[in-house]
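Student: One structure coming up, written as structure tokens, with questions to follow.
The values are calculated or read from the model by the stated rules, or taken from the named source; none is laboratory data. Just so it is clear, the structure is predicted and the values come from calculations on it, not from any experiment. Please note: Cβ atoms are built from the backbone with ideal geometry, for glycine as well, and neighbour counts cover all protein chains shown. Ligands, DNA and RNA are stripped out before the accessible areas are found, and what is left, the full protein with its side chains, is counted by its heavy atoms. Shrake-Rupley method; radii C 1.70, N 1.55, O 1.52, S 1.80 Å.
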Amino acid sequence: MKTLQELTRPNIWSLAPYSSARNEYSGHAAHVFLDANENPYNAPYNRYPDPLQEEVKEKLSHIKGVPAECIFLGNGSDEAIDLVYRCFCEPGKDNVVAICPTYGMYQVCADINNVEYRNVMLDDDYQVSADRLLAACDANTKAIWICSPNNPTGNNINRDEIIKVLEQFDGLVIIDEAYIDFSREQTISRLLSKYPNMIVLQTLSKAWGSAAIRLGMAFASKDIIAIYNKVKYPYNVNLLTQQQALNRLNNTYDVEQWVRMLLQERGRLMTAFAELKICEKVYPTDANFFLAKVTDAQGIYDYLVEKGIIVRNRTRVQLCHDCLRITIGTREENNELLGALRSI
Ligand SMILES: *Cc1c(COP(=O)(O)O)cnc(C)c1O
């Protein structure tokens with residue numbers, strides 16, 4: 001692996017970060033806060049929130065088995081994705097490599113940051129070899145994106161190939177585990193101490209049922225997290241989000257029940273879907289959605305919209321021609337979808 005200094009943009013490496021009022025005092029029990037130009041009225045919303053979200057990270061640290069200093073929290077995973085470019089990729093010079101098809105935000109953020117984005121097509125089983133990813137890299141490749149379970153295909157990417165990339169690539173490897181709670185595969189975050197070039201992304205938006213509060217996580221070495229913390233907005237996670245995240249994290253029982261129900265429904269819905277006249281293939285999945293090849297994705301999509309049922313039309317995505325991506329809903333919602341498709 002290159003040194004972290006070699007991987008970091010020079011201006012970011014030497015950056016003197018903004019120091020917020022709440023960062024500057026420490027070690028004393030304070031009770032009069034006249035430092036941040038806040039209004040003393042309208043508690044608790046008058047005060048700036050904890051810029052480093054220590055309480056949430058403490059809780060997550062226990063749940064995830066990752067040291068708090070190795071956790072970054074952001075305004076959704078999207079913030080953690082964007083920060084890869086802003087911290088490590090020199091616009092107009094560096095590039096990144098990613099599997100294709102995959103989650104669209106990696107490319108959107110690359111385009112916004114003027115960083116070249118290189119696609120490596122998945123094979124017919126939606127898998128990729130480490131060798132093909134590494135062959136797409138050159139001296140200016142700073143990062144490789146791997147989403148597993150992958151969106152929109154739903155499958156886990158081969159763990160052996162991921163490990164090989166981690167061992168052989170000299171830059172950062174980002175593993176997006178947004179759907180890991182639905183997967184038979186274990187999180188790769190337990191290997192963080194072995195691979196200092198790995199960043200693991202997770203989110204409260206899917207299994208944790210909290211897409212509205214916008215809380216994404218990055219797990220990485222404490223040195224990578226320190227760079228993230230330097231570059232992020234000082235108060236990037238607001239108070240309401242931190243409070244609601246703590247409520248959610250204090251009740252993990254719900255999440256286990258939801259995941260169990262959704263996995264059961266996933267099996268039932270996929271079996272029923274495969275029997276439909278319009279269905280040509282249901283792809284295996286380890287996520288809370290599945291991809292299905294149908295006779296006419298656009299026509300079926302339009303028909304469902306007409307009935308007030310929205311699925312994701314992926315027909316224009318490479319390797320996904322005539323595919324719909326179906327998120328698992330409640331039993332009633334899934335039945336409504338099946339009913340509509342049976343009466344085509
Ligand atoms: C849904 C999803 C996310 C979550 O993004 P948030 O900004 O945390 O809501 C991240 N990665 C992938 C691949 C996703 O599908």
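Student: Any residue in segment 271-284 that's open to solvent by 40 Å² or more (accessible area, probe 1.4 Å): show its pairings with residues that are at pLDDT 95 or above and not in a loop (DSSP other than H, G, I, E, B) at Cβ separation under 7 Å, as long as the two are six or more apart or on different chains.
Tutor: The qualifying pairs are 274/282; 280/293; 280/294; 281/292; 281/293.
Student: Check off (1) in contact with a strand residue (DSSP E or B) (Cβ under 6 Å, 6 or more places away or on another chain); (2) open to solvent by 30 Å² or more (accessible area, probe 1.4 Å) for residue 292 and give me the number that stays unchecked.
Tutor: Of (1) in contact with a strand residue (DSSP E or B) (Cβ under 6 Å, 6 or more places away or on another chain); (2) open to solvent by 30 Å² or more (accessible area, probe 1.4 Å), only one is false for residue 292: (2).
Student: Helices (runs of 4 or more DSSP H) wholly in segment 247-344 with at least 1 residues that are closer than 26 Å to residue 180 by Cα and in contact with a helix residue (DSSP H, G or I) (Cβ under 9 Å, 6 or more places away or on another chain) - which ones? Before you say what the answer is, go through the steps one by one.
Tutor: Numbers: elements: 252-274, 297-306, 331-342.
Where helices (runs of 4 or more DSSP H) fall fully within segment 247-344 and carry at least 1 residues being closer than 26 Å to residue 180 by Cα and in contact with a helix residue (DSSP H, G or I) (Cβ under 9 Å, 6 or more places away or on another chain), they are 252-274, 331-342.
Student: Condition (residue is within 16 Å of the ligand (Cβ to nearest atom), touching a Phe, Trp or Tyr at 6+ places or on another chain (Cβ under 9 Å) and either part of a strand (DSSP E or B) or more than 14 Å from residue 235 (Cβ to Cβ) (or both)) applied to segment 25-36: is it met by at least one residue?
Tutor: Pass one, segment 25-36, residues within 16 Å of the ligand (Cβ to nearest atom): none.
So far as segment 25-36 goes, no, none of its residues is within 16 Å of the ligand (Cβ to nearest atom), touching a Phe, Trp or Tyr at 6+ places or on another chain (Cβ under 9 Å) and either part of a strand (DSSP E or B) or more than 14 Å from residue 235 (Cβ to Cβ) (or both).
Student: Look at residue 328 and say whether it is closer than 25 Å to residue 185 by Cα, among the hydrophobic types (A, V, I, L, M, F, W, C) and open to solvent by less than 20 Å² (accessible area, probe 1.4 Å). Lay out the reasoning, then the answer.
Tutor: Values: closer than 25 Å to residue 185 by Cα: yes; among the hydrophobic types (A, V, I, L, M, F, W, C): yes; open to solvent by less than 20 Å² (accessible area, probe 1.4 Å): yes.
Yes; evaluated as a whole, the condition is true for this residue.
Student: In addition: Among 94, 82, which is buried (at least 20 other Cβ atoms within 10 Å of the Cβ), without any contact (Cβ under 8 Å) to a residue 40 or more places away in the chain and of a type in the set (D, E, K, R)?
Tutor: Going through 94, 82 in turn, just one is buried (at least 20 other Cβ atoms within 10 Å of the Cβ), without any contact (Cβ under 8 Å) to a residue 40 or more places away in the chain and of a type in the set (D, E, K, R): 82.
Student: Which condition from (1) assigned to a loop (DSSP other than H, G, I, E, B); (2) surrounded by fewer than 22 Cβ atoms within 10 Å (Cβ to Cβ); (3) modelled with pLDDT of 95 or more is the one that residue 107 breaks?
Tutor: (1)
To keep it simple, each residue is scored yes or no on (1) modelled with pLDDT of 95 or more; (2) within 13 Å of the ligand (Cβ to nearest atom); (3) touching an Asp or Glu at 6+ places or on another chain (Cβ under 8 Å).
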site: 47; (1), (2), (3): yes, no, yes
site: 54; (1), (2), (3): yes, no, no
site: 60; (1), (2), (3): yes, no, no
site: 63; (1), (2), (3): yes, no, no
site: 66; (1), (2), (3): yes, no, no
site: 74; (1), (2), (3): yes, yes, no
site: 79; (1), (2), (3): yes, yes, no
site: 87; (1), (2), (3): yes, no, no
site: 91; (1), (2), (3): yes, no, no
